[in-house]
Amino acid sequence: MKISAIRGIVDRMKKPIISISLVVWNGKQYLSKCLDSIANQQFQDFELLILDNGSTDGTREFLEQLNAEKYHIRTIEYLPKNIGFAAGHNSLFRQAQGEFVFCLNQDVELGDNYISGIVEFCKKNPRAGSAAGILLRSQNGEKVIDSAGLEIFLNRRVTEIGAGENEDLDKKESVEVFGVSAAAAVYRLAALRDVAKNTNGRESFFDEDFFSYKEDIDLAWRLRHRGFRSYILPVFSMHIRSAKAEGDSQLITVFGRAKKSALANFHSQKNHLFVLVKNDSLTNLGLDADHILWYELRKFIYVILFEWRTIPAYFVFMAKLPKMLKKRKEIMAKSVISAKEARKWFK
């Protein structure tokens, strides 16, 4: 059951340029910095939509005390249980009134020009379906990159560009990337609606079968299929928690898996397979079959030996394979890019 607790700016005559979608879950320790960075943005033509995903750490009580006017809050909704990242943001995206939708994690603190820089760029670039700034984190007391976009390899492993590096901290130019991390991503609402799955009038932008993890990769693929582009811009945000992103080393990936929860690895593995089935062309799968199969075999052996709690992910994947193939058929029927055009993103 969904309970609406605040309706702050519902009746404003002028619709905002951007709607901020903030899904929170047990995030009380992060929210003060996140919300204050929203309130302090140079760009103020926004609305804030918040959904609490069944928090039990006092987050609800914290949210109930917020000043709706200060944070431009239009709605706060409270759910009795966690429905997942995908379904949570989809619920807020459907309510968005802005031209753009900003998907934001609770543990991200924005630079004061973050929204203004992205909105200005997207206004000038109508084929930009998504854009984000450079997400930073703290490592040994220094700022390093957490994500400067998503990159995809021949074996279809997807990693965060620049993770752990600091060379691009003075970056001045925008750059096109395969996709952007949904931790602090701005999407053009028209682009989201173009790629959304519409079931009985109910739009799903992120795939809710994913629940959490890698739904941003799937969305990046779907936006590419429809000819939309993704960009990283020279504006910055900061992971309040020092999240360790995956780099481009496969050894780093293995160590990263060992540090994740069993639930995270479960969803990550099944969703990785969902992404491939839904979005990759048969031509490119055939061309890179050796890379893909070798990567998947090594990962499967690792799971069998060291990560047995991930094994059910393969059974869930097989059970939902017919559903994913149906989604694939719909995606490919609408795709405007060739296998060759998609291939330029594989490193």
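Springs between alpha-carbon pairs under 10 angstrom, Gaussian network model over the chain: which of VAL316, VAL235, VAL119 fluctuates most?
Judging by the Gaussian network model, the answer is VAL316.
Return the distance in nm (one decimal) between the two label points of a simple spin-label model at LYS334 and ALA319, each offset 7 Å from Cα along Cα→Cβ.
2.8 nm
Taking Cα centroids, how far is region 204-236 from region 185-201 in Å?
Going from one Cα centre to the other spans 11 Å.
Using the Cα centre of the chain as origin and beta-carbon charges of +1 (Lys, Arg) and -1 (Asp, Glu), tell me which of VAL101, PHE206, PHE121 is placed farthest towards the positive end of the dipole.
It is PHE206.
For a quick check: sort MET238, MET332 by the number of other beta carbons within 10 angstrom, fewest at the front.
MET332, MET238
Rounded to the nearest 0.05, what FRET efficiency do LEU282 and LYS347 give with R0 = 22 Å and r taken as the Cβ-Cβ distance? Could you check?
It comes to 0.60.
Would you work out the charge dipole size for region 250-343 about its Cα centre, treating the Cβ of every Lys and Arg as +1 and the Cβ of every Asp and Glu as -1, and quote it to the nearest 20 debye?
400 debye
Using helices alone, I'd like the mean residue ellipticity at 222 nm for the chain: each DSSP H run of four-plus residues gives -39500 (n - 2.57), total over residue count, nearest 500.
Rounded to the nearest 500, the figure is -12000 deg cm²/dmol.
Determine the dipole magnitude for the chain: charges of +1 sit on the beta-carbon of Lys and Arg, -1 on that of Asp and Glu, nothing else is charged, the reference point is the Cα centre, and the result goes in debye to the nearest 20.
1240 debye
Considering Cα pairs under 8 angstrom that are at least six residues apart, work out the relative contact order of the chain and quote it in whole percent.
18 percent
Excluding residues fewer than 8 places away in the same chain, name every one of the aspartates and glutamates whose C-alpha is closer than 14 Å to that of LYS329.
ASP280
Multiplying the sequence separation of ASP57 and LYS33 by 0.36 nm and subtracting their Cα-Cα distance, what value in nm do you get?
Full extension from ASP57 to LYS33 adds 6.9 nm.
Once you put a point 7 Å from the Cα of LYS70 and another 7 Å from the Cα of GLN42, both along the Cβ direction, what distance in nm separates them?
That separation, rounded to one decimal, is 2.4 nm.
How much length is gained if the chain between ASP194 and ALA262 is pulled fully straight, taking 0.36 nm per residue apart and subtracting their Cα-Cα distance, in nm to one decimal?
Length difference between fully extended and current span is 21.1 nm.
Among rounded, prolate and oblate, which fits region 19-99 when a ≥ b ≥ c are the square roots of the eigenvalues of its C-alpha gyration tensor, a/c under 1.5 means rounded, and a/b larger than b/c means prolate? Let's see the in-between values first.
Working: a/c = 1.97, a/b = 1.20, b/c = 1.64.
Oblate, because a/c is 1.5 or more while a/b does not exceed b/c.
Anyone know which of HIS272, HIS239, HIS291 comes out most mobile in the 10 Å Cα GNM of the chain?
Top of the fluctuation ranking is HIS291.
Give me the angle, in degrees from 0 to 90, between the Cα long axis of helix 215-225 and the longest principal axis of the Cα atoms of the chain, rounded to the nearest 10.
Relative to the chain, helix 215-225 is tipped by roughly 80 degrees.
List the residues of region 76-100 whose backbone N lies under 13 Å from a point placed 7 Å from the Cα of LYS15 along the Cα-to-Cβ direction.
Those under the cut-off are 94-100.
Output the 0 to 90 degree angle, nearest 10, between the alpha-carbon long axis of helix 28-39 and the longest principal axis computed from the alpha carbons of the chain.
It is inclined by approximately 70 degrees.
Quick one: helix 289-306 against the long Cα principal axis of the chain, what's the angle to the nearest 10°, folded into 0 to 90?
The two axes meet at around 80 degrees.
Cα-Cα over 30 Å: which of LYS28/LYS143; LYS123/LYS214; LYS172/LYS278; LYS81/LYS344?
Result: LYS172/LYS278; LYS81/LYS344 exceed 30 Å.
Values in this text are rule-based calculations from the coordinates and carry no lab data. Nothing here was measured: the structure is a model prediction, and the numbers come from that model. No Cβ is skipped: glycine too gets one built from the backbone with ideal geometry, and neighbour counts run over all protein chains shown.
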